[in-house]
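Asks: One structure is given below, represented as structure tokens, and several questions about it will come after.
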Amino acid sequence: MQWLMSYLESSEDTELKRLMQKHFLDDLAKSKEISPAASSKLFKAIHDKIGLDAKDKKRRVIPLRRIAIAASVIGLLLISVFLLNDKITKKQTAKTETDHQRFKNDVLPGSDKAILTLGDGSTILLDEAQNGTIAQQGNSKIIKLDGRLSYDPTNETSKEIIYNTISTPKGGQYQLELPDGSKVWLNATSSIHFPTSFTGTERRIEITGEAYFEIAKNPNMPFIVNVNNSEVQVLGTHFNINAYNDEDNVKTTLLEGSVRFVNDHNINILKPGQQAQLTKDGTTKVEGNVDVDEVVAWKNGMFAFENAGIETVMRQFSRWYDVEIEYKGKTDDQFIAEMRRNIKLSDALKALELTGKVKFEIQGKKIIVLP
């Protein structure tokens, strides 16, 4: 402080003084007005510091040393602001250049795309098909409208049962309305196999990957989902099934209504908020009080992780951004994060890097994980 006081009194460094003045004026311009009461308190506190009664209207001579000390403190603060801003700017510039190198092969988020396989084996790329009627299968017209497919029953009668399949690739998702009015959301790398019209005493479909269902009520015709040698039986309800092969368990989560999860001779009836988990060795257990918002976040356009390991996070990123994952080291940290799925891959990775527990690089179509 003594050096600074001496320097400010004797130096002709006009550039330094110009910078100090500029920062001081900039700070004033950016500052917000404070209330009269707060202003009065600050005014009194400043005068107390320099030995002047704020209520004293008489002019008093303030010792030069006190003025010098006050000036030196202001000068020190302004110089610190200047040096800190300069340091931050340099760091930000260096970080931007580093990030550009690490994420130069950025990847766009997934979108509404899927392949429709008709009863005769022919296929239609749904993301390339025009809106409107794209085919007719048995008693139903197939109508596409902006990322959603619906099967509308016609007046025609046909005894032939025709099956269609909709499958999503990595980086794809799609919505479907079945002939009975039930709604299905397909996540990336998933599929649904179903009849183009429901007849008989049940409505039976088959899925792989992950799907969310809102089933139209029909007590006389139960809705049955076949998945990994097990089935979910419902009358009318909202539920999510996660049956990816690279996950440890097949998870059926109930949001509304009631479902019966059947595997071999094991039967579990779920209540809202419960989740049936089928392990690879065939064991079934039911978890209660599941965070259903986290389970169906994907359907609502979000990533949501609650105490999730890095492998769990990366599996979701791999499916949605159509990338491979390579680990260079391991981390046992658990991550809590929520972000939209419509952001670029680099933005999602940078959000996780804010934890300070992990770093990433994008190399071609591969994410390098660096704990």
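Asks: Of the residues that make up the stretch 312-333, is at least one under 13 Å from VAL107 (Cα atoms), of a type in the set (Asp, Glu) and surrounded by 14 or more Cβ atoms within 10 Å (Cβ to Cβ)?
Replies: yes
Asks: Quick check, is GLY138 surrounded by 13 or more Cβ atoms within 10 Å (Cβ to Cβ), out of contact with any strand residue (DSSP E or B) (no Cβ under 7 Å at 6 or more places or on another chain) and more than 19 Å from VAL184 (Cα to Cα)?
Replies: Taking the combined requirement at face value, the residue satisfies it.
Asks: Cβ-Cβ distance below 7 Å, separation of 6 or more or different chains: which pairs start in the stretch 254-279 with a residue that is at positive phi and of a type in the set (Gly, Ala, Ser) and end on one that is open to solvent by 20 Å² or more (accessible area, probe 1.4 Å) and part of a loop (DSSP other than H, G, I, E, B)?
Replies: Matching pairs, first to second residue: GLY273/GLY288; GLY273/ASN289; GLY273/VAL290.
Asks: From the list GLY273, GLY200, GLY236, which residue is of a type outside the set (A, V, I, L, M, F, W, C), farther than 30 Å from LYS141 by Cβ and either open to solvent by less than 70 Å² (accessible area, probe 1.4 Å) or in a strand (DSSP E or B) (or both)?
Replies: GLY273
Asks: Please go through the stretch 239-249 and give me each residue that is surrounded by 17 or more Cβ atoms within 10 Å (Cβ to Cβ) and modelled with pLDDT under 95, ordered by number.
Replies: The answer is ASN249, and nothing else.
Asks: From the list ASP127, ASP152, pick out the single residue that is in contact with a Lys or Arg (Cβ under 7 Å, 6 or more places away or on another chain), modelled with pLDDT under 95 and either assigned to a loop (DSSP other than H, G, I, E, B) or surrounded by 21 or more Cβ atoms within 10 Å (Cβ to Cβ) (or both).
Replies: ASP127
Asks: Can you tell me which of (1) open to solvent by less than 10 Å² (accessible area, probe 1.4 Å); (2) outside any strand (DSSP E or B); (3) polar (S, T, N, Q) is the one ASN218 doesn't meet?
Replies: For ASN218, the exception is condition (1).
Asks: Take the stretch 239-258 and flag every residue that is of a type outside the set (Lys, Arg) and in a strand (DSSP E or B).
Replies: PHE239, ASN240, ILE241, ASN242, ALA243, ASN249, VAL250, THR252, THR253, LEU254, LEU255, GLU256
Asks: Here's a follow-up. Identify, by number, the condition in (1) crowded, with 16+ Cβ neighbours inside 10 Å; (2) under 32 Å from the mean Cα position of the chain (by Cα); (3) among the polar types (S, T, N, Q) that ASN263 doesn't meet.
Replies: Just one mismatch for ASN263, condition (2).
Asks: Would you mind finding the one in GLU231, GLU128, GLU210 that is acidic (Asp, Glu) and more than 30 Å from VAL107 (Cα to Cα)?
Replies: The conditions single out GLU231.
Asks: If PRO169 passes every condition in (1) open to solvent by 50 Å² or more (accessible area, probe 1.4 Å); (2) in contact (Cβ under 8 Å) with a residue 24 or more places away in the chain; (3) in contact with a Phe, Trp or Tyr (Cβ under 9 Å, 6 or more places away or on another chain) but one, which one does it miss?
Replies: Result: PRO169 fails condition (3) only.
The values are calculated or read from the model by the stated rules, or taken from the named source; none is laboratory data. Note that the structure is a prediction, hence the values are computed from the model and not measured. Cβ: placed from backbone, ideal geometry, glycine included. Neighbour counts: every protein chain shown. Just so you know, the surface numbers come from the protein's heavy atoms only, side chains and all, with ligands and any DNA or RNA stripped out. Shrake-Rupley method; radii C 1.70, N 1.55, O 1.52, S 1.80 Å.
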